[in-house]
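Below is one structure, written out as structure tokens; comments come after it.
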Amino acid sequence: MQQNIHVAIIGGGPSGLFMYKRLIERNIAGLKVSIFESRKQLGAGMPYSYEGATPEHLTNVSDHEIPALVTTIEDYVQSLSEATLRTYGIDVDDFNRYKVVPRLLLGRYLSEQFMLLKRMADEQGIETQVHLASQVTDIIDLEGQAQVK
């Protein structure tokens, strides 16, 4: 008998992204994931969006320090257009996995990784509901119903 499992991830920033990735890697039959994010974008969270960074802010980590996602930052940077590279002040010929990137670019990267993971989940039959601009203020156990509100 297939067991249906419904997991809620509160917060669609970097930590939520890595949790989502772990769930997808498990390839659990009957898995449904609901992601609640208070902002209008998944992945970036506050530190890697305009809410917490400006164009001159750099990350304090590089590609070799971040757990593997779908695409490495190095490969992602290599795929960017010349215009985008100029926007973020990146010289692709001088870029490697040990370089830090602007926080806003990392936010863009993380957001795109979320979308790639969502595609992988869809291919595995994992249902994912994304609730953007949804602030979770409380979790209430609906006793006897195996649910929360």
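Each value in this text was obtained by applying a stated rule to the coordinates, not by laboratory testing. Since the structure is predicted, the reported quantities are computational estimates derived from the model, not experimental observations. A quick note on method: Cβ atoms are made from the backbone with ideal geometry, for glycine too, and the neighbour counts reach across all protein chains shown.
Going by how many other Cβ atoms sit within 10 Å of their own, how do SER38, SER79 line up, fewest first?
Ordered by Cβ neighbours within 10 Å, fewest first: SER79, SER38.
Sum -39500 (n - 2.57) across every DSSP H segment of at least 4 residues in the chain, then divide by the residue count to get the 222 nm mean residue ellipticity, nearest 500.
That comes out to -10000 deg cm²/dmol.
Can you give the charge dipole size of region 23-114 about its Cα centre, rounded to the nearest 20 debye, using +1 on the beta carbon of Lys and Arg and -1 on the beta carbon of Asp and Glu?
With only Lys, Arg, Asp and Glu charged at Cβ, the dipole is about 480 debye.
For region 62-85 and region 20-60, write down the distance between their C-alpha centroids in whole Å.
When both Cα centres are located, 16 Å separates them.
Among GLY16, LEU42, ALA29, whose Cα sits farthest toward the positive end of the charge dipole of region 1-52 (+1 at Cβ of Lys/Arg, -1 at Cβ of Asp/Glu, about the Cα centre)?
Working it through, the farthest residue towards the positive pole turns out to be ALA29.
Need one number: nm distance between label points at VAL92 and LEU142, each 7 Å from Cα along Cα→Cβ, rounded to one decimal.
Taking the two extended label points, one gets 5.0 nm.
Please list, by residue number, every one of the trypsin sites (Lys or Arg not before Pro) in region 1-102 that is coil in DSSP and has at most 10 other beta-carbon atoms within 10 Å.
Passing both the DSSP loop test and the Cβ count: LYS40.
What is the distance, in nm, between label points placed 7 Å from the Cα along the Cα-to-Cβ direction at SER15 and at HIS57?
Result: 1.7 nm between the two label points.
Could you tell me which GluC sites (Glu not before Pro) in region 1-67 are loop residues by DSSP with no more than 13 other beta carbons within 10 angstrom of their beta carbon?
Filter output for region 1-67: GLU51, GLU56.
Pick from LEU80, LEU132, LEU105: which is most flexible by mean-square fluctuation in a GNM of the chain where alpha carbon atoms under 10 Å apart are linked?
LEU80
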